[in-house]
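Below is one structure. I have some questions about it.
The values are calculated or read from the model by the stated rules, or taken from the named source; none is laboratory data. Treat the numbers as computed from the prediction; the structure is a model and nothing was measured. Using ideal geometry, Cβ is built from the backbone for each residue, glycine included, and neighbour counts are taken over all protein chains shown.
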């Protein structure tokens, strides 16, 4: 999907988790389409790499270090974003963590929920305070997962958090519909990112097989037989933030190569 120049001209979009992978691809796509961007993530050094690429498109931007597990920090970051670039037209709540969790003293369940679900909730509420006035279109968008659609053994925390995002989106969409704010989610399947590679490495370790065979096994569960790219997910996000998606709210849009069909 090719970028559409001026599609988001002068619209302020906040992207969390913008330092790499899907978040970075979304930032570059929206920058190419004229958006002004606030880039948030925990690691400033990765954000600065994204910012340098965004700057090449001539986009105005603001960068901030933000741990979405810390509510006060989240709200302060959005206060700063609005001060720097003005009212917010769109939020892409992309920050999150992945991986398995297992019972025991090192169970990661609570960290997965705190980051992926509660952190996204706080992010959306912080953005809500600074949304542009109507009739400007306003969008809140969460990045869920195909694992929000079905369960995977050993991934109770990740599956629960990503499923919870879909409930959050549906409820918040109804809450904000009278103000004509659209709230949606995207549910990617396998996407060629560092997180996906780590997931396949964990699968290979658990199943006692080489990485290449684990990758082949994973792709056998995808009818199209391939991972999506971060740029393809960015194209879907750009569409959902555009006037072409007017009227779409409370939805989880799937991009998974056919591995789940609802």
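So, in segment 201-241, of the ones that are in contact with a strand residue (DSSP E or B) (Cβ under 9 Å, 6 or more places away or on another chain) and outside any helix (DSSP H, G or I), which residue ends up farthest from residue 186 (Cα to Cα)?
227
Condition first: assigned to a helix (DSSP H, G or I) and either surrounded by 17 or more Cβ atoms within 10 Å (Cβ to Cβ) or free of Cβ contacts under 8 Å to residues at least 24 places away in the same chain (or both). Can you find one or more residues in segment 245-256 that meet it?
There is at least one residue in segment 245-256 that is assigned to a helix (DSSP H, G or I) and either surrounded by 17 or more Cβ atoms within 10 Å (Cβ to Cβ) or free of Cβ contacts under 8 Å to residues at least 24 places away in the same chain (or both).
Among the listed residues 112, 47, 30, 91, identify the single one that is buried (at least 21 other Cβ atoms within 10 Å of the Cβ) and in a strand (DSSP E or B).
Within the list 112, 47, 30, 91, the selection yields 91.
Moving on. Based on this model, can you work out whether residue 127 counts as without any contact (Cβ under 8 Å) to a residue 12 or more places away in the chain, touching a helix residue (DSSP H, G or I) at 6+ places or on another chain (Cβ under 8 Å), assigned to a helix (DSSP H, G or I) and surrounded by 14 or more Cβ atoms within 10 Å (Cβ to Cβ)?
No, not satisfied.
Quick check on my filter: what residues within segment 56-88 are farther than 16 Å from residue 28 by Cα, in a loop (DSSP other than H, G, I, E, B) and touching a residue at least 24 places away in the same chain (Cβ under 8 Å)?
Listed by number, the residues that qualify are 66, 67, 68, 69, 86, 87.
On to the next question. Got at least one residue in segment 149-158 being surrounded by fewer than 24 Cβ atoms within 10 Å (Cβ to Cβ), in contact (Cβ under 8 Å) with a residue 60 or more places away in the chain and within 17 Å of residue 253 (Cβ to Cβ)?
Taking every residue of segment 149-158 in turn, at least one turns out to be surrounded by fewer than 24 Cβ atoms within 10 Å (Cβ to Cβ), in contact (Cβ under 8 Å) with a residue 60 or more places away in the chain and within 17 Å of residue 253 (Cβ to Cβ).
Now a separate question. Determine which single condition residue 199 fails, assuming it passes every other condition in (1) farther than 20 Å from residue 262 by Cα; (2) in the same structural domain as residue 16 (by TED's automatic domain parsing).
(2)
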